[in-house]
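Chemist: Shown below is the structure under consideration.
The values are calculated or read from the model by the stated rules, or taken from the named source; none is laboratory data. In this text the structure is predicted, and so the values were computed from the model without any measurement. Ideal geometry is used to build each Cβ from the backbone, glycine not excepted, and the neighbour counts take in all protein chains shown. With ligands, DNA and RNA removed, areas are computed over all heavy atoms of the protein, side chains included. Shrake-Rupley method; radii C 1.70, N 1.55, O 1.52, S 1.80 Å.
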Amino acid sequence: MGKEAVVLGAGIVGLSAALHLQLRGWQVLLLDRRGAGEETSSGNAGLVQREAVFPQPFPRDWKELLRYAGNRDPRARYRLSALPSMIAPFHQYWKNSEAGRYHAVARHYGALIRHCLEDHLSLAAVAGAEHLYHPGGWVQVFREGPRFHRESLQAAYRKLHFDVEYRLWEPDVLAARLPALRRGLAGAIHWTQPLSLQDPLALSRKYLDAFLHLGGRFQTGTLLSLVPGKPGWEIRTSAGKEVSPHVVLALGPWSADFTAPLGYRPPVFVKRGYHMHYARPEAPALECPVLDTEGGYVLAPMRQGIRLTTGAEFARRDDPPSPVPLDRAEAAARRFCPGLGARLDPAPWLGSRPCTADMLPVIGPLAAHSGLWLAFGHCHQGLTLGPGTGRLLAQLMEGESPFTGVHPYRPERFPVH
């Protein structure tokens, strides 16, 4: 009963944890209601963001707050009906975005981000997935000169303190390097270290294949309950009952549904996002992922076409989809990239990202409940931080020295009642 575990959730975080445990000689059962990587892990922009050492803070400038309050900014949209349930976590989010606190948050966030490339490539080597990654980074484009200048200064800070590499593109260089975009843009930052994926779902499936090849088991079924048993944990799903001494809870935005009955209610909320695929521009091609900074959306070349990922929608996790975020992003994208083709998908994709009020993921044991390990709350960086989270959690479960300090991510930083 020692080195046995059930991992709940087969997104990139759960897959990484399951694979790292299996590599260390554990016997692991991986459970999900769908196939591997078929929820939020399939719908991202496909970027392993080595430069993303700063999480997204809550706006504190009153002008910016007023702009978002008007609910017309494409970078973030809210639903009035969802706001009452978000007041408490938003208040903590706002407090943690104060300059002094945010500086500490960024330091802890960067401690995970700085390892993301090696974590991805080491698991990719195990899974035979190296060919899915494309070097060359991605490009952050600016319409407004003052913002380009401010972000350029921040890029220099990232390089100095976090070893982030980049190049600045003035307007003439941007026009020459990305001729698919309209003229008259202010400039761009080319983040050179990140890797990109043109099929994130294929990566999850390769991880699953490696996990199974090492003797792991995968089962589909809806999780119904998770309760302490004697011994270990009793996991009931629509497919039956399992008992295990160790459980890894990596269900993303659904994780808190199963910690709440145990008295653990971290201040987690969701940022929802949409995507749609479009026919590629005939000429010139769009050859790398591009962020329209002021528009808040990404255009990323994917196997299925050009994927447009929207800004954040603040809504309840299970609210029905809205056409507004994608329609706004598409209208802006067609002005930004005039050759963007027709929609290719029958309906927009919608996913929910789990966010914590202090912008840091929850990683580690829930001390009040022996054998329960948590791994969720990665917000926009689930893909980037998935393999590192899996490595960190497996090191803790195996009793190894972790590659970075775990105190900032401990579950108990939020009280257990």
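Chemist: Specify the residue that is most open to solvent (accessible area, probe 1.4 Å); the eligible residues are those in the range 285-295 that are part of a loop (DSSP other than H, G, I, E, B) and farther than 15 Å from Gly46 by Cβ. Quick ask: steps written out before the conclusion?
Modeler: The initial filter retains those residues of the range 285-295 that are part of a loop (DSSP other than H, G, I, E, B), namely 285-289, 293-295.
Narrowing further to those that are farther than 15 Å from Gly46 by Cβ: 285, 293-295.
Numbers: Ala285: 54, Thr293: 10, Glu294: 24, Gly295: 1 Å².
Once the filter is applied, the top-ranked residue is Ala285.
Chemist: Hey, can you tell me all the residues within the range 55-70 that are within 22 Å of Gln92 (Cβ to Cβ) and in a loop (DSSP other than H, G, I, E, B)?
Modeler: Matches in the range 55-70: Pro55, Gln56, Pro57, Phe58, Pro59, Arg60, Asp61.
Chemist: So, one more: I'd like to verify a number: residues in the range 388-403 that are open to solvent by 30 Å² or more (accessible area, probe 1.4 Å) and assigned to a helix (DSSP H, G or I), how many? Break it down stepwise before answering.
Modeler: Start the filter on the range 388-403 by keeping residues that are open to solvent by 30 Å² or more (accessible area, probe 1.4 Å), which leaves 391, 396, 398-403.
Filter once more, keeping what is assigned to a helix (DSSP H, G or I): 391, 396, 398.
Of the residues in that region, 3 qualify.
Chemist: Is there a residue being within 30 Å of Leu374 (Cα to Cα), in contact with a helix residue (DSSP H, G or I) (Cβ under 7 Å, 6 or more places away or on another chain) and either surrounded by 14 or more Cβ atoms within 10 Å (Cβ to Cβ) or hydroxyl-bearing (Ser, Thr, Tyr) (or both) anywhere in the range 166-186? Write out each step before concluding.
Modeler: First, the residues of the range 166-186 that are within 30 Å of Leu374 (Cα to Cα): none.
Checked the range 166-186: no residue is within 30 Å of Leu374 (Cα to Cα), in contact with a helix residue (DSSP H, G or I) (Cβ under 7 Å, 6 or more places away or on another chain) and either surrounded by 14 or more Cβ atoms within 10 Å (Cβ to Cβ) or hydroxyl-bearing (Ser, Thr, Tyr) (or both).
Chemist: Test each condition in (1) outside any loop (DSSP other than H, G, I, E, B); (2) free of Cβ contacts under 8 Å to residues at least 24 places away in the same chain for Ser122 and report the one that comes out false.
Modeler: Of everything listed in (1) outside any loop (DSSP other than H, G, I, E, B); (2) free of Cβ contacts under 8 Å to residues at least 24 places away in the same chain, Ser122 misses just condition (2).
Chemist: Among the residues of the range 152-179, write down those that are closer than 22 Å to Leu112 by Cα and either without any contact (Cβ under 8 Å) to a residue 12 or more places away in the chain or part of a helix (DSSP H, G or I) (or both).
Modeler: Initial filter on the range 152-179 (closer than 22 Å to Leu112 by Cα): 154-166.
Correct list: Gln154, Ala155, Ala156, Tyr157, Arg158, Lys159, Leu160, His161, Phe162.
Chemist: Can you tell me which condition Leu385 does not meet? The list is (1) in contact (Cβ under 8 Å) with a residue 12 or more places away in the chain; (2) surrounded by fewer than 24 Cβ atoms within 10 Å (Cβ to Cβ), and all the others hold.
Modeler: (2)
Chemist: Next up: Which count do you get for residues in the range 6-54 that are under 30 Å from Glu98 (Cβ atoms) and not in a strand (DSSP E or B)?
Modeler: Of all residues in the range 6-54, those under 30 Å from Glu98 (Cβ atoms) come to 13, 40, 44-45, 47-54.
Of the ones still in play, those that are also not in a strand (DSSP E or B) are 13, 40, 44-45, 49-54.
Count: 10.
Chemist: In the range 219-284, which strands (runs of 3 or more DSSP E) lie fully inside it and hold 3 or more residues that are open to solvent by less than 10 Å² (accessible area, probe 1.4 Å) and β-branched (Val, Ile, Thr)?
Modeler: Details: elements: 223-228, 233-237, 240-244, 246-249, 268-278.
Correct list: empty, since no element meets the threshold.
Chemist: Can I ask one more? For Asp327, state whether it is touching a strand residue (DSSP E or B) at 6+ places or on another chain (Cβ under 6 Å), farther than 21 Å from Gly252 by Cβ and either part of a loop (DSSP other than H, G, I, E, B) or at pLDDT 95 or above (or both). Let's see the steps before the verdict.
Modeler: Numbers: touching a strand residue (DSSP E or B) at 6+ places or on another chain (Cβ under 6 Å): no; farther than 21 Å from Gly252 by Cβ: yes; either part of a loop (DSSP other than H, G, I, E, B) or at pLDDT 95 or above (or both): yes.
Judged against the criteria, Asp327 is not a match.
Chemist: Say we look at the range 80-115 and pick out the residues that are among the charged types (D, E, K, R) and within 23 Å of Arg265 (Cα to Cα); which of these is least open to solvent (accessible area, probe 1.4 Å)? Please lay out each step first, then the result.
Modeler: Residues of the range 80-115 among the charged types (D, E, K, R): 95, 98, 101, 107, 114.
With within 23 Å of Arg265 (Cα to Cα) added as a condition, the list becomes 95, 101.
Numbers: Lys95: 79, Arg101: 115 Å².
Of everything passing the filter in the range 80-115, Lys95 is least open to solvent (accessible area, probe 1.4 Å).
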